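The values are calculated or read from the model by the stated rules, or taken from the named source; none is laboratory data. On a predicted model such as this, the values are computed, not experimentally measured, just so you know. In this analysis, Cβ positions are derived from the backbone assuming ideal geometry, glycine residues included, and neighbour counts consider all displayed protein chains.
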Amino acid sequence: MATVGTNQRQAKLVLLGDMGAGKSSLVLRFTKGQFFDYQESTIGAAFLTQTLAVNDTTIKFEIWDTAGQERYHSLAPMYYRGAAAAIIVYDITNPDSFTRAKKWVQELQSQGSSNLVMALAGNKADLEAKRSTKPEEAQAYAEENGLFFMETSAKTAQNVNELFYEIAKRLPKLQPAGQQGISLSERPAPAAAKSSMCCA
Amino acid sequence: METKERAEKTERAPNASGDRFMGSPSASSVSGAVSDGEPDDLQGFDDYTMASSWERFIASVETICREWQAAGPEGLLEKGALSVDGSRSLHRIHREVSFGNKLYVIVLFFQVGARQETEDEWPAGLHHLQLWFGVTDFLVAAPVTLSGVILDAPEATTLLSTVAVALSSCGSHWPAFVPVHDRTRKAYKGVQGISSSYSITYEADRIGSWVPVRLMHLEGLYELFVSKVAFTAPNTAAVPSLRVEFTMRLTYRAPMIGYDYQNKGGPSSVAEPRSDYDGESPNEPMWDEDLPWAAWHSVDDPVKGFELIATWKKRFVNDSMEMSEYENTSTFLADSWDLVPAFSIDKEPDQPEEGFGVRLEGLAKAFSISGNAQFVEDFANVVKPEMDLLLETFTVPPPSVLERVLKDLFYEAVNPTGDGFTYDPRGHSIKGAPRDSLFGRFAVHSLFYGTCNIRAISELWLEFVREIRFCWDECQQLPRVSPEDSPDLRTCLLHQKLQMLAVCIKLKSEQKSEKVKKTPLHGSPPVGKPSEEGSEASRTDQNDLQQKHGEEVRTSNSADAHPLDTGAKVHDLYPDGADGPYTNLKSPQDEMESLFHPGSGSPDPASHTKDSVSAAEEPIFENGYKSAPEEGVSSEDDEKWQSWSEEDEEEADVKEGRRGSAGPLENMMLLHSYEPLHAPITQMLPLMTEDMLMEREQAIASLSRSQSEKQARLRLQTDILASDMAAFKAANPRATLEDFVRWHSPRDWLEDDDENGDGQTSSSVHTGDSGEIWPPRGRLSERMSHPGNMWAEIWDQVAPHPASDQKPLFDYQREGEKVMHYLDTVRPQHLLGQMLCTAFVSCMEILKHTKIGDLARLRSGISSLYSSANMVLEPISTMTKADMPSKEDVEMWNKALQNLCRLFKVVENDVFVAASLYQKLKLAPRSFVGLFSSYLDDGKSLARVSVDEREQIAELFPPAEGGVDLESRSRMGNYLNGHEPDVREVKLKCYEEDLRKTLGSRNERRMGGKGMASHRMYISGTANDLQVALSVVSRD
């Protein structure tokens, strides 16, 4: 949302997806490096932060980890409001969760901010034996919809840091700057436009 | 006299001085001497060692010419040459020279940049001397007098000679002209020395009134030309036939009503208001009445007329008969057609600017000073002395205007559906309000309210809020705001607040009407109705009591219902004190509790005695409130929560102790009792506007640092879950947590794999209707059965309570009051900021939706306006309630806004032009696109009309009224739809070789090389105006 300092930026990131897809586990793995077999079902939403260095910029992710239960669906807009990035998580062993992920993508495309960075994460990649969604299928879907896709495993930490790193790299270089979002740069646009669209 | 002799020697323009082109050629008469300023004469002798004053004059002209020659075009530009109006690349520089007591001005006209040698025989934008004589760069010498012409023939000759001598001494080939005779005759004489062997003489004159019939026709013009070439009398019947090059340009004009073209003897593209036009055209609809801005304002049609220029390219005619045929040939057969619209050029200075742009400027100005006060009232009432100064210049429109605006906003409202009610942030990320929503329309109204100054706006706003309060107090549905939508976070906060208020008003009026309907005889409750209070019979008896208590409770409630009091103490939220099941809530963070229950207090049903429930606190149920499903997300899952039919409700439920059921869920059965699993009626989830969300977000974020805080945070977020569990328990008295999880979080119920255990404990096996094994083998997921699981904890703590008995998650009364408080106390800067963003987005949308055909350049102009607006307005639109922009910010915004308004006006003006052209040229799309793009290029407009669009373009020139006697000799011919051309221009040229063939050896001595034109004539004529210019090459 806001920017701090010259080389440090904050970015609001929201995780969405079906219940039990592993949203909380992904966040816990990324922020604390931990993994619990029995990660408690999220109630409401959890908030965590983690800082990541990309090139010479430090990005502080403000992560909103939401509850996946359908009952809370209508509360989701408040979490993705103003988000710079969204990770849509599904469980590769559960076809329903992939369907649900697609719905989230649709919703974000119509409701989210226009320059939202969206990532699709197929979690539980360690459970290869129980796989129901092929990576090719997800990859094709992601490409169609302008997302980037990775299969992750919170349990083995596979691709977890990579996922966040990739998001950080894709964040728009020039985010709306300013502490309270109040800042304006002098704009050459009117003059330029004038010369091209001059009237008598 | 000496000077006279010299003049004769150097005279290079010996041609007729006094003769009009009509007369027969006469001998040159260089008779007039320069009489003034000759002091030498008075001395009685000529001193040849002294330069005469005339020689000094020549020398000074020569100096000037040399200087200009040396400078070259670029150098002349540096010396301050000015571009000539109406020309593309012609510039002029002038210098005054005195001769005796007379002052002359020498003007050099020169072309900057390489002149493109085009095929175009009738290039646009020529100076009239260029057009008449086919010259490029030239000098004009004129006296500095009122008329600017020389009336005296000898003086003209002297002046021309002077310039010619000066030019020849510096080896320049610039042609030189002097204006002669009357100004209105536009007569010129000129000379050009090409080389030592031959020179060209120029001559132009005009008949401004009665034109001989013969010269109104091409035939006569041909004869006139031939007579000049062959020295025959033009009136004689025996006109020798001569091969003459001929090209013609016809100009037809169709001015708009109330406008007239000036006749400039050629395409002018200047249409001026007719002086005799009274400005009224009662039967004429406004040109823009169908265009999207017409609801707000009307714009003068920027297109004042059209000119059609039909050109016949170079061709040869051999005699006058052949020539006359071109008069009868259809204009449709011309080699090229060009269409030139005339635009209104100069607005009268007292005429106010039109359009949204200038209005937006006013609003931006109001925004820039809005930081000077804390409350909108301060701007509306001049009570503070320091505001006095600021406001005294601002006027407020009369009450009738206010009435009209309020009437439009509140009482002529359309249903809140359709186009303007959805916010479309495509192409920008500015938070505004939908165009036709209450606030959106208010913002645009404010643009046209008086002069859009801050005082007028403030007064309008106060009245606006008064009307809204009336709606809230009297339970009137808010116009132009849908009560079915939850606040749209993409819109501005004010619109969200109004959306919130609309929902609150709806709930309030539902509650009110339910109360009226309710009768004591009402026994078994229709559970599906949202406001049904419960199933106990005793409940209805308490209604009266409850209503009595209502007042009291509302009063006590007002402490925590105060809109600003978001940090209300948790105790206030528990009517019966803090002895609910959530005793462990008493953490230091309790004070933040209210943030998480924006609707009300905790969902603590146990401690909730019924008679303390005020009407306002009654919960709203999901199935009574159909929250709008998010766009693009199918709501098949949501339906589970929202749409229960009421039919399944049975008396039996009551007997079973079942309360608040929304009906059995598919074929699901309770695990232990093998009863149908009923989905409970759940409470409506709280609605939140953006500011509430941010508060909540900050609170959650601030509670997410440590593990202990996490527990506190979790507990704070359990209101919905606890409410659902209590309702579930009430609907399914014998349910377990497993049942709840199967309904609420199905993936946390794991069915055991078949192969995992065949051994059935027969004692507990039931067989369902479908023959399935009961109970199904399954268990809660590990995470749900983990020790210390929050779900299990809450499940154990909540008592069964149907949603109707619970404390509401969303308190519409309190939320409605909060909205009203916001409207009452909004800072002017925030109000104006939101109005500005909304108005800008609305106005840009109007431009975007104007029918302008397929104009890629204008489309891209509009989108660049959007992106500029985005850059400027986004920071303003994302200003939060708490933000106090600094002076520097405001100043910077102000500057950016001014630029933005300027850009807006440019684009808007282009849209006006495009819309007007499109309206008139819809059927000729290529001509339309061509016109508009040339308009963008240089503000003028000209388009080549392709042959297949000529029919459509001709429609612009409707058939002349009344019967036209096409045969009449007093008309010019070359009709288009019965119109004769407003101007007919002809260029005639005779080549030396053709001349030789015709005239034989008589003139052989004078002949030059091949391809040389010996005579050139330009004629521009109408029935009462004839301009002729002739150039003749002569050899020494």
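What's the number of the condition B:Lys710 fails, among (1) assigned to a helix (DSSP H, G or I); (2) more than 10 Å from chain A (Cβ to nearest Cβ)?
The number of the failed condition is (2).
So the check is Cβ under 7 Å with 6+ separation or different chains; which pairs have a first residue in segment B:125-151 that's surrounded by fewer than 17 Cβ atoms within 10 Å (Cβ to Cβ) and a second one that's of a type in the set (A, V, I, L, M, F, W, C)?
Here the result reads B:Val144/B:Leu103; B:Val144/B:Val105; B:Gly148/B:Ala142, each pair linking segment B:125-151 to a residue that is of a type in the set (A, V, I, L, M, F, W, C).
Among residues belonging to segment B:737-751 that are among the charged types (D, E, K, R) and in contact (Cβ under 8 Å) with a residue 40 or more places away in the chain, point out the one that is nearest to the other protein chains (Cβ to nearest Cβ).
That would be B:Arg742.
Out of all the residues in segment A:72-85, which are within 15 Å of B:Gln496 (Cβ to Cβ) and free of Cβ contacts under 8 Å to residues at least 40 places away in the same chain?
Passing the criteria: A:Pro77, A:Met78, A:Arg81.
Restricting to segment A:43-71, give me the number of residues that are in contact (Cβ under 8 Å) with a residue 12 or more places away in the chain and buried (at least 20 other Cβ atoms within 10 Å of the Cβ).
The total comes to 16.
Would you confirm whether any residue within segment B:820-830 is among the charged types (D, E, K, R) and either farther than 30 Å from B:Arg466 by Cα or touching a Gly at 6+ places or on another chain (Cβ under 8 Å) (or both)? Step through it out loud before you land on a result.
Taking segment B:820-830 first, the residues among the charged types (D, E, K, R) are B:824, B:827.
Now narrow it down to the ones that are either farther than 30 Å from B:Arg466 by Cα or touching a Gly at 6+ places or on another chain (Cβ under 8 Å) (or both): none.
No, segment B:820-830 has no match at all.
Return a yes/no flag: does segment A:82-100 have any residue that is facing another protein chain (nearest Cβ under 9 Å) and aromatic (Phe, Trp, Tyr).
No.
Within segment B:38-64, can you find the residues that are under 18 Å from B:Leu160 (Cβ atoms), modelled with pLDDT under 90 and acidic (Asp, Glu)?
The one that is under 18 Å from B:Leu160 (Cβ atoms), modelled with pLDDT under 90 and acidic (Asp, Glu): B:Glu55.
Among (1) charged (D, E, K, R); (2) closer than 30 Å to B:His821 by Cβ; (3) touching a helix residue (DSSP H, G or I) at 6+ places or on another chain (Cβ under 8 Å); (4) at pLDDT below 50, where does B:Lys548 come up short?
(3)
Any idea which of (1) at pLDDT 85 or above; (2) at the interface with chain A (Cβ under 9 Å from one of its Cβ atoms); (3) touching a Leu at 6+ places or on another chain (Cβ under 8 Å) is the one B:Gln683 doesn't satisfy?
(2)
Pull up segment B:882-899, narrow it to residues that are at the interface with chain A (Cβ under 7 Å from one of its Cβ atoms) and not acidic (Asp, Glu), then point me to the one that is farthest from the chain's Cα centre (by Cα).
Selected residue: B:Pro885.
Go through segment B:150-205 and count every residue that is over 55 Å from the mean Cα position of the chain (by Cα) and on the phi > 0 side of the Ramachandran plot.
Adding up the residues that qualify gives 1.
Looking at B:Glu78, B:Glu117, B:Glu67, which one is modelled with pLDDT under 85, more than 22 Å from B:Ile150 (Cβ to Cβ) and within 59 Å of the chain's Cα centre (by Cα)? Working first, answer last.
Working: B:Glu78 fails: modelled with pLDDT under 85; B:Glu67 fails: modelled with pLDDT under 85.
The conditions single out B:Glu117.
Kindly indicate the residue of segment B:786-819 that is crowded, with 23+ Cβ neighbours inside 10 Å and of a type in the set (Phe, Trp, Tyr) and also farthest from the other protein chains (Cβ to nearest Cβ) among those meeting that condition.
Once the filter is applied, the top-ranked residue is B:Tyr812.
Working only within segment B:333-367, note down all residues that are assigned to a helix (DSSP H, G or I) and at pLDDT 90 or above.
Correct list: B:Phe356, B:Gly357, B:Val358, B:Arg359, B:Leu360, B:Glu361, B:Gly362, B:Leu363, B:Ala364, B:Lys365, B:Ala366, B:Phe367.
Quick one: which strands (runs of 3 or more DSSP E) sit completely within segment B:168-209 and have at least 2 residues that are within 14 Å of B:Val1032 (Cβ to Cβ) and aliphatic (A, V, I, L, M)?
B:198-207
Test each condition in (1) on the phi > 0 side of the Ramachandran plot; (2) at pLDDT 90 or above for B:Gly853 and report the one that comes out false.
Going through (1) on the phi > 0 side of the Ramachandran plot; (2) at pLDDT 90 or above one by one, B:Gly853 breaks only (2).
Kindly list the number of the only condition in (1) under 26 Å from B:Lys407 (Cβ atoms); (2) surrounded by fewer than 23 Cβ atoms within 10 Å (Cβ to Cβ); (3) touching a Leu at 6+ places or on another chain (Cβ under 6 Å) that fails for B:Ser486.
Status for B:Ser486: all satisfied but (1).
For segment B:900-912, which positions are farther than 16 Å from B:Ala839 by Cβ and more than 9 Å from every other protein chain (Cβ to nearest Cβ)?
The answer is B:Val911, B:Phe912.
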